[in-house]
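Here it is, the structure, as structure tokens.
Just so it is clear, none of the values below were taken in a lab; they were calculated from the coordinates. Since the structure is predicted, the reported quantities are computational estimates derived from the model, not experimental observations. Note: ideal-geometry Cβ built from the backbone for every residue, glycine included; neighbour counts use all protein chains shown.
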Number of protein chains: 2
Amino acid sequence: MLEIKEKDTSCRARNALMTLPHGTVQTPAFMPVGTAGTVKAMFHQSLEDMGYELILGNTYHLYLRPGMEVIRNAGSLHKFTTWDRNYLTDSGGFQVFSLSSRRKISEEGVRFSSHIDGSYHTFTPESVVEIQETLRSDIQMVLDVCTAPGISKREAEEALKTTMSWARRAKKRWENRVEGYDGKLFSIVQGNFYKDLRKRSVEEIIELDTPGIAIGGLSVGESKDEFNEFLAYTAELLPEEKPHYVMGIGTPDYILESVEHGIDIFDCVYPTRIARNSTVFTRDGLIALKNQQFQFDDQPIDPTCQCSTCQRYSRSYLRHLFKAGEMLGPMLATEHNLFFLANFMKEIRQSISEGRFLEYKKTFTEAYYGAKI
Amino acid sequence: MLEIKEKDTSCRARNALMTLPHGTVQTPAFMPVGTAGTVKAMFHQSLEDMGYELILGNTYHLYLRPGMEVIRNAGSLHKFTTWDRNYLTDSGGFQVFSLSSRRKISEEGVRFSSHIDGSYHTFTPESVVEIQETLRSDIQMVLDVCTAPGISKREAEEALKTTMSWARRAKKRWENRVEGYDGKLFSIVQGNFYKDLRKRSVEEIIELDTPGIAIGGLSVGESKDEFNEFLAYTAELLPEEKPHYVMGIGTPDYILESVEHGIDIFDCVYPTRIARNSTVFTRDGLIALKNQQFQFDDQPIDPTCQCSTCQRYSRSYLRHLFKAGEMLGPMLATEHNLFFLANFMKEIRQSISEGRFLEYKKTFTEAYYGAKI
């Protein structure tokens, strides 16, 4: 499913085409997060115009609301939401651990209480594959046990054991998927911040031989150095020919770091979440539009940006919208941030194609993190 | 400024072209309300695509936030907000009466406390003209005293006296507007629900000879019969050659009633406000998308509607968006409601042009108010 087109000679960065049921995806690619089947504050048309080929939906949220009956009635998550390109859905595991008020994990699966109405539900490795089959996810993720940094090795090993057992059960269920559905199953490397556990996880996953592999349990509160160390260590162990996914990555520095280590796709709520709070990307770093300093600023967010927000609106007007609590503020800021990231990814792919990714990384980083405007 | 093109022979309905500094407006026209310089949840591009030529801004809100310095810096409300077509701004009088926590009226003007931060400000007939001059409003309204239904005739007469005195002062100030600014001043008929006071108000306004005339103090809580009675009574007294404006009208029945009596323009937050609460227009009447009955409904809001929402999205998905509190819900519903009204106004003008307005009114009303879906 992954056709590697170009490799950067000085690092593991690569350009590839990933073939999925709803079309081909140029990688490295950032996936905007559409938790409940909508990338917050964005028209689908706009995401299409920006060239996004793959977005993320959250299984936990979609399962609880609108619920599987509604999706089944529509035919698929794509038809329900009118997004006719690819969806990656997560397994719901992360949300069960972060959102539900009560949860109980067993060998069978995880029982949890909904954050919406307190009702009880159970996710098993099999049921989660089944849910994603109903969604018709183009990439589906196995249910895993998420752990936080700082747990003991014994706890980490226990969680990994369960994760790997669940991955095998998920694969088995996925092999018996309904005819006509060809979504790809990705397994997830865990092992917390213990290198030998990470290694063991990768080895078992290679043996399991799912179409793609994700690195989980990173960007969960650890230091940046620790992230870099464990990303580099884990990524190097992955088989080159399979798609590599790092979950929860959306800042330029983490994206660049991931691409350098051969990661193909990543997702994060970060660009859309900060936008709703008036924080936007520029080539010179983040700015918070709410700030007093923009009161009379008639420049666009970023004068070099070609997005529809920057083509039309001033910082002064955008600041006003945020100060007044007007919905158009988040709409325009989200539009800008996602356009900015789509363009960033294009530039990354271009630099790989021209064998100068590390140079691009350095130049971008200096401008973005060096001087604040 | 008003060129009457066609008149319906069986009532006072008329099609006209109203020439304003930012282009010609086809009337009868509905004006979406952009309180703080943004029609809530709408991109300006979308309003342009729908053919809106005139929108409303609220002087009270814009004066308090972003404030006149910011508008002056941008050059005009148009430049600040990037809306290059016409703006009508109200006088702020209505908001002073409905929003500010404390206010004190005198012959000089009205002193009030901001609903945002409690700060004190004074509007005089002259300062309100000046503010709207800074906004570069294409139509500006005189400051008036708003009264509620049910007050005594003596109170109504007192308020009218002040309103008329303020109108004369406003006109004087407007005649001394800065060179290069050619926004039109509209005076406002008051007189509460007393016909002789209404008549007196119109007579004084005819003598004052402002470019346009508004009927104020209607749709303020009175019964529909009372509205119809006072609308008909007041509208008939207005000079035919001037633009007629009724403030606060946005439901199909009130619009049809107003057009029948020769009203050219009207505004209301109604279509955009109900949209944000999931209520949308259809030819068969209002529906509330949040309702359970739409859970599995894969039809568009209105199968006959050509708006971008109806071209793409199902009621089932829209219901989900509203249930999940997603911003895309209000965005899509607002888009639909404003498209629906723009199309409604086109049909009204078409029916006038073909001399069958009353027939159109009857047919539309029967479908819209007759059977609920």
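Taking only DSSP H segments of four or more residues, each worth -39500 (n - 2.57), what value at 222 nm results for chain B once the sum is divided by all its residues, to the nearest 500 deg cm²/dmol?
-12500 deg cm²/dmol
Hey, another quick one. Which number comes out as Rg/Rh for region A:270-373 once both Rg and the Kirkwood Rh are worked out on C-alpha atoms?
Dividing the radius of gyration by the Kirkwood radius yields 1.01.
Also: If amide hydrogens are placed 1.01 Å from N in the peptide plane, which non-local residues have theirs closer than 5 Å to the one on B:Asp267?
Hits under the 5 Å cutoff: B:Met31, B:Gly248, B:Ile249.
To the nearest Å, what is the center-to-center distance of region A:8-43 and region B:7-22, using C-alpha atoms only?
53
Would you list which lysines come within 18 Å of A:Lys290, measuring only between C-alpha atoms, while excluding same-chain residues fewer than 8 positions from it?
Answer for A:Lys290, where 18 Å is the Cα cut-off: A:Lys323, A:Lys372, listed by chain and number.
Also, quick follow-up: Could you check the spin-label model distance between A:Asp225 and B:Ile116? Points 7 Å from the Cα along Cα→Cβ, value in nm.
Modelled inter-label distance: 4.7 nm.
What fraction of the Cα pairs in the protein assembly as shown, stated in percent, has a spacing above 45 angstrom?
That tail contains 34 percent of the Cα-Cα pairs.
Which whole-angstrom value gives the distance between the alpha carbon centres of region B:316-339 and region B:68-96?
Value for the Cα centre distance between the two parts: 28 Å.
Among the listed pairs A:Lys171/A:Lys199; A:Lys161/A:Lys184; B:Lys7/B:Lys362; A:Lys153/A:Lys242; A:Lys40/A:Lys199, give every one whose C-alpha distance is greater than 27 Å.
Over 27 Å Cα-Cα: A:Lys153/A:Lys242; A:Lys40/A:Lys199.
Suppose you put the label 7 Å out from Cα in the Cβ direction; list, shortest first and in nm with one decimal, how far B:Thr19 is from each other copy's label.
So the label point of B:Thr19 gives 6.5 nm to the other copies.
List the aspartates and glutamates whose Cα sits under 14 Å from the Cα of B:Lys224, skipping any in the same chain fewer than 8 residues away.
Leaving aside aspartates and glutamates fewer than 8 places away in the same chain, those within reach of B:Lys224 are B:Asp253, B:Glu257.
With a cut-off of 8 Å between alpha carbons and a minimum separation of six or more residues, what is the relative contact order of region B:270-373 in percent?
Relative contact order for region B:270-373 comes out at 35 percent.
For A:Phe296 and B:Val178, FRET efficiency with R0 = 22 Å and r from the beta-carbon atoms, rounded to 0.05?
0.55
What aspartates and glutamates sit close enough to A:Lys5 to cross-link, taking a C-alpha to C-alpha distance under 18 Å and skipping anything fewer than 8 places away on the same chain?
A:Glu53, A:Glu240, A:Glu241, A:Glu260, A:Asp264, A:Glu347, A:Glu354
Just tell me the longest site-free run in chain A, where the sites are GluC sites (Glu not before Pro) in a DSSP loop having at most 16 other beta-carbon atoms within 10 Å.
That gives A:242-353 as the longest site-free run.
For B:Asn291, go 7 angstrom from Cα along the Cα-to-Cβ vector, then report the distances to that same point in the other copies in nm, smallest first.
5.0
List, shortest first and in nm to one decimal, how far the label point of A:Ile4 (7 Å from Cα along Cα→Cβ) is from its counterparts in the other copies.
So the distances to the same position in the other copies read 7.9 nm.
A further question on this structure: Simple spin-label model, 7 Å along Cα-to-Cβ: A:Ala367 to B:Glu240 in nm?
So the label points at A:Ala367 and B:Glu240 sit 6.5 nm apart.
If you take every DSSP beta bridge fully contained in the protein assembly as shown, what fraction is antiparallel? Give it as a percent rounded to 5.
Counting only bridges with both partners in the protein assembly as shown, antiparallel ones make up about 45 percent.
OK, next. Short version: ³J(HN,Hα) in whole Hz for each residue of region B:112-124, in order, from phi by Karplus 6.51 cos²θ - 1.76 cosθ + 1.60 (θ = phi - 60°), x for Gly and Pro, what are they?
Karplus values, whole Hz, x for Gly and Pro: 8, 10, 4, 6, 8, 9, x, 5, 9, 9, 10, 9, 10.
Let me ask something else about it. Hey, how many Å between the Cα centroid of region B:125-160 and the Cα centroid of region A:210-240?
66
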